[in-house]
Amino acid sequence: MTNSSLTTALLISGIVFLTIAVLGQTKLGFAEINPGFFGRFLALIIGLFSLMGAVLLVLFPAETVTLLKDYLVEQIQQNLGLITQFKAFN
């Protein structure tokens, strides 16, 4: 199990965004948060994605992510001709 700074940042930001989504209009001494419906919905989406990212980083170590990234880069480089050919038709 890894506990990188990215995992910690995603976890904290996810909790903060979910708190904003749940509380909605609130006053924190010097700051007032009034997101409205769309802001609360967006905070909910960002919070959930942040928490999912933190969980995925804990479940799959950095080596697995690096292997996946290298595989995707290799596939893109191999199929670059097809991508540019498709772009030429549009």
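A compact table of results
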read-out	value
Distance in nm between pseudo-label sites at F30 and I76 (7 Å out along the Cβ direction from Cα)	4.1
Assigned charges on the beta-carbon of Lys, Arg, Asp, Glu; the chain dipole about Cα centre (debye)	280
Sorted by Cβ neighbour density within 10 Å, fewest at the top, the residues F17, F37	F37, F17
Order of S13, S50 - criterion: other Cβ atoms within 10 Å of each residue's Cβ, fewest first	S13, S50
The chain shape via C-alpha gyration tensor axes, a/c threshold 1.5	oblate
Relative exposure of T7, T66, judged by other C-beta atoms within 10 Å (fewest first)	T66, T7
Rounded to 10°, Cα long-axis angle of helix 80-89 versus longest principal axis of the chain	80
Rounded to 10°, Cα long-axis angle of helix 62-78 versus longest principal axis of the chain	50
Residue among L68, G39, V16 farthest towards the positive dipole end of the chain, charges placed on Cβ	G39
On Cα atoms only, tilt of 36-59 relative to the major axis of the chain in degrees	60
Percentage relative contact order, the chain, counting C-alpha pairs under 8 Å, at least six apart	34
Rough spin-label spacing in nm, given labels placed 7 Å along Cα→Cβ, for T8 and I45	3.0
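Where a number appears in this text, it was derived from the coordinates with a stated rule and is not lab data. Since this is a predicted model, take the numbers as computed values, not measurements. Here Cβ is always computed from backbone atoms with ideal geometry, including for glycine, and neighbour counts include all displayed protein chains.
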